[in-house]
Amino acid sequence: MPQLYLEKLQLMGFKNYEEGRFEFSRSLNCIVGENGSGKTNLLDAIYWLGLTKSAFQVQDAFSIQHEADFMMVDGVFWKDHKTVQITCSLQRGQRKVILSDKKPYERISDHIGLYPVVLVAPNDTDLVRDGSEERRRFFDGVLSQLDQHYLQNLLQYNKLLAQRNGVLKLFYDRRYVDDDLLDTYDEPLVALANRIFERRQRFLEGFEPLVQHYYSFLGEGRESVTIKYESEVESLDFRDHFRAHRSRDLNAQRTLMGIHKDDFGFEMDGVALRKFGSQGQQKSFVLALKLAQFDLIAIEKEMKPLLLLDDIFDKLDDRRIQKLIQLVENDTFGQVFLTDARPERTRALLKDTVAEVRYFVSGTT
């Protein structure tokens, strides 16, 4: 399988890094240092290179260093037997710029999926505990790296949805309704909703068995887990239902039906994981989700994504840590980046590994 790895990284004005230069191992990279020194920010810079946005901030401008006006993340990847330079830059008050070998993309979304990244972070259990929006964001993120058609359908759906919501609010304020105008939004929205629904369904057919495999590996097979996809679009007469609820949408001033309301139920032995799963079971499940994401991307892209492991040794028990180290030892992954506030722990856990390990102390370059 062709390998993807990040050779070099340069930062300017990015979060707490005024400037930084790094050269990485193509195998295992350990970023150690005190809390608050910038370990997670370094992983986020790599995430930027893959997905053109932060993994942790909603607004791009939050990635610019405090009191700075500009930030840049520049990386050199090895891919398809050649090097490629990817540059992400942002000036306050302007749109971000993404360059591949110093040439801008026609659409930034065309970059998504070319340099896939999987992040395992301490707050991943929010996927289990929080509302449906977190789970949709996760599955949409995985699918967007796998399938450009899905990403374009999703972007178009969200654009039309925002426009329709704006029209609904306008009609509500003016006490006036133009049904013909709403039809021009409803028809393409329904068509896109059906396409997105069908793709999510097909995705889960391949994804769920991988989650079950990794959960069994991490939990030693004590429980079984399932993912239940819940969508109003599944109804055979969804188009008619959508049209019939127009008056309700007008009163709410927003669209109340559609794939933007879908959810993914996580179950363990037939009961809700969020209600009945222990912390350990929830952690095992979300780690299984991320490892399944890694596998599916590797299979479909025929290329192992970069794996970013943020502070996981503090969040997993010894048994699960050893399982993860076992996967590293078995060469399951490609290039790995992990952070830890306790360098002596990392060195002890990895002392017998045959992989090339490179250490970086965050806050220094």
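The values are calculated or read from the model by the stated rules, or taken from the named source; none is laboratory data. Keep in mind that what you see is a predicted model, and the values were worked out from it rather than measured. Here Cβ is always computed from backbone atoms with ideal geometry, including for glycine, and neighbour counts include all displayed protein chains. For accessibility, only protein heavy atoms count, side chains too; no ligands or nucleic acids. Shrake-Rupley method; radii C 1.70, N 1.55, O 1.52, S 1.80 Å.
Taking the condition farther than 30 Å from Lys323 by Cα, surrounded by 18 or more Cβ atoms within 10 Å (Cβ to Cβ), of a type outside the set (Lys, Arg) and in contact with a Leu (Cβ under 6 Å, 6 or more places away or on another chain), does Leu189 pass? Before the answer, list the steps.
Details: farther than 30 Å from Lys323 by Cα: yes; surrounded by 18 or more Cβ atoms within 10 Å (Cβ to Cβ): yes; of a type outside the set (Lys, Arg): yes; in contact with a Leu (Cβ under 6 Å, 6 or more places away or on another chain): yes.
So Leu189 fits the description; yes.
Answer with yes or no whether Asp126 is among the acidic types (Asp, Glu) and either touching a strand residue (DSSP E or B) at 6+ places or on another chain (Cβ under 6 Å) or modelled with pLDDT of 95 or more (or both). Break it down into steps so the answer makes sense when it comes.
Working: among the acidic types (Asp, Glu): yes; either touching a strand residue (DSSP E or B) at 6+ places or on another chain (Cβ under 6 Å) or modelled with pLDDT of 95 or more (or both): no.
Here the answer is no, as Asp126 does not meet what is asked.
Please go through segment 130-167 and pick out each residue that is over 19 Å from Gly113 (Cα atoms) and not in a helix (DSSP H, G or I).
Restricting attention to segment 130-167, the residues satisfying the condition of being over 19 Å from Gly113 (Cα atoms) are 130-135, 157-167.
Of everything in segment 130-167, those that are over 19 Å from Gly113 (Cα atoms) and not in a helix (DSSP H, G or I) turn out to be Asp130, Gly131.
Of all residues in segment 270-295 being polar (S, T, N, Q) and assigned to a helix (DSSP H, G or I), which is surrounded by the fewest Cβ atoms within 10 Å (Cβ to Cβ)? Break it down into steps so the answer makes sense when it comes.
Kept after step one, since they are polar (S, T, N, Q), are these residues of segment 270-295: 278-279, 281-282, 284, 293.
From what is left, the residues that are assigned to a helix (DSSP H, G or I) are 279, 281-282, 284, 293.
On the way: Gln279: 11, Gln281: 19, Gln282: 19, Ser284: 28, Gln293: 26.
Residue satisfying both the conditions and the ranking: Gln279.
Could you please find all residues in segment 51-78 being under 21 Å from Gly334 (Cα atoms), open to solvent by less than 30 Å² (accessible area, probe 1.4 Å) and either free of Cβ contacts under 8 Å to residues at least 12 places away in the same chain or in contact with a Leu (Cβ under 6 Å, 6 or more places away or on another chain) (or both)?
Within segment 51-78, Gly75, Phe77 qualify.
Return the residue satisfying two criteria in turn: it lies in segment 332-360 and is touching a Ser or Thr at 6+ places or on another chain (Cβ under 9 Å) and among the acidic types (Asp, Glu), and of such residues it is farthest from Asp318 (Cα to Cα).
Glu356
Got at least one residue in segment 296-310 being open to solvent by 20 Å² or more (accessible area, probe 1.4 Å), assigned to a loop (DSSP other than H, G, I, E, B) and not aliphatic (A, V, I, L, M)?
Going residue by residue through segment 296-310, those that are open to solvent by 20 Å² or more (accessible area, probe 1.4 Å) are 299-302, 304.
Retained after the next criterion (residues that are assigned to a loop (DSSP other than H, G, I, E, B)): 302, 304.
Then drop every residue that is not not aliphatic (A, V, I, L, M), which leaves 302, 304.
Yes - at least one qualifying residue is present in segment 296-310.
Residue under question is Arg347, and the condition is that it be among the charged types (D, E, K, R) and open to solvent by 60 Å² or more (accessible area, probe 1.4 Å); does it hold?
On the way: among the charged types (D, E, K, R): yes; open to solvent by 60 Å² or more (accessible area, probe 1.4 Å): yes.
Against the criterion (among the charged types (D, E, K, R) and open to solvent by 60 Å² or more (accessible area, probe 1.4 Å)), Arg347 qualifies.
In this structure, does Tyr47 turn out to be in the same structural domain as Ser89 (by the TED database) and within 15 Å of the chain's Cα centre (by Cα)?
Numbers: in the same structural domain as Ser89 (by the TED database): yes; within 15 Å of the chain's Cα centre (by Cα): yes.
Considered against the rule, which asks whether it is in the same structural domain as Ser89 (by the TED database) and within 15 Å of the chain's Cα centre (by Cα), Tyr47 comes out as yes.
Given the conditions (1) open to solvent by 20 Å² or more (accessible area, probe 1.4 Å); (2) touching a helix residue (DSSP H, G or I) at 6+ places or on another chain (Cβ under 9 Å), report the number of the one that Leu9 does not fulfil.
(1)
What tally of residues in segment 240-269 results from selecting those that are touching a residue at least 12 places away in the same chain (Cβ under 8 Å) and either in a loop (DSSP other than H, G, I, E, B) or among the acidic types (Asp, Glu) (or both)?
11
Yes or no: segment 322-339 includes at least one residue that is in contact with a helix residue (DSSP H, G or I) (Cβ under 9 Å, 6 or more places away or on another chain), assigned to a strand (DSSP E or B) and open to solvent by 20 Å² or more (accessible area, probe 1.4 Å).
There is no residue in segment 322-339 that is in contact with a helix residue (DSSP H, G or I) (Cβ under 9 Å, 6 or more places away or on another chain), assigned to a strand (DSSP E or B) and open to solvent by 20 Å² or more (accessible area, probe 1.4 Å).
May I ask you to verify whether Arg164 is of a type outside the set (Val, Ile, Thr), open to solvent by 40 Å² or more (accessible area, probe 1.4 Å) and over 27 Å from Lys304 (Cβ atoms)? Before the answer, list the steps.
Numbers: of a type outside the set (Val, Ile, Thr): yes; open to solvent by 40 Å² or more (accessible area, probe 1.4 Å): no; over 27 Å from Lys304 (Cβ atoms): yes.
So Arg164 fails the test.
Does segment 193-239 hold any residues that are without any contact (Cβ under 8 Å) to a residue 40 or more places away in the chain, more than 16 Å from Asp147 (Cα to Cα), within 23 Å of the chain's Cα centre (by Cα) and open to solvent by 80 Å² or more (accessible area, probe 1.4 Å), and which are they?
Within segment 193-239, Lys228, Glu230 qualify.
If I filter segment 295-313 for residues that are closer than 17 Å to Thr125 by Cα and without any contact (Cβ under 8 Å) to a residue 60 or more places away in the chain, do I get at least one hit? Step through it out loud before you land on a result.
First, the residues of segment 295-313 that are closer than 17 Å to Thr125 by Cα: 308-313.
Now drop any that are not without any contact (Cβ under 8 Å) to a residue 60 or more places away in the chain, which leaves 313.
Yes, because at least one residue in segment 295-313 is closer than 17 Å to Thr125 by Cα and without any contact (Cβ under 8 Å) to a residue 60 or more places away in the chain.
All but one of (1) of a type outside the set (Val, Ile, Thr); (2) touching a Leu at 6+ places or on another chain (Cβ under 7 Å); (3) open to solvent by 20 Å² or more (accessible area, probe 1.4 Å) hold for Ser144; which doesn't?
(3)
Only one of (1) of a type outside the set (Phe, Trp, Tyr); (2) in contact (Cβ under 8 Å) with a residue 60 or more places away in the chain; (3) surrounded by fewer than 14 Cβ atoms within 10 Å (Cβ to Cβ); (4) not in a strand (DSSP E or B) is not met by Leu127, so which one is it?
Leu127 satisfies all of (1) of a type outside the set (Phe, Trp, Tyr); (2) in contact (Cβ under 8 Å) with a residue 60 or more places away in the chain; (3) surrounded by fewer than 14 Cβ atoms within 10 Å (Cβ to Cβ); (4) not in a strand (DSSP E or B) except (3).
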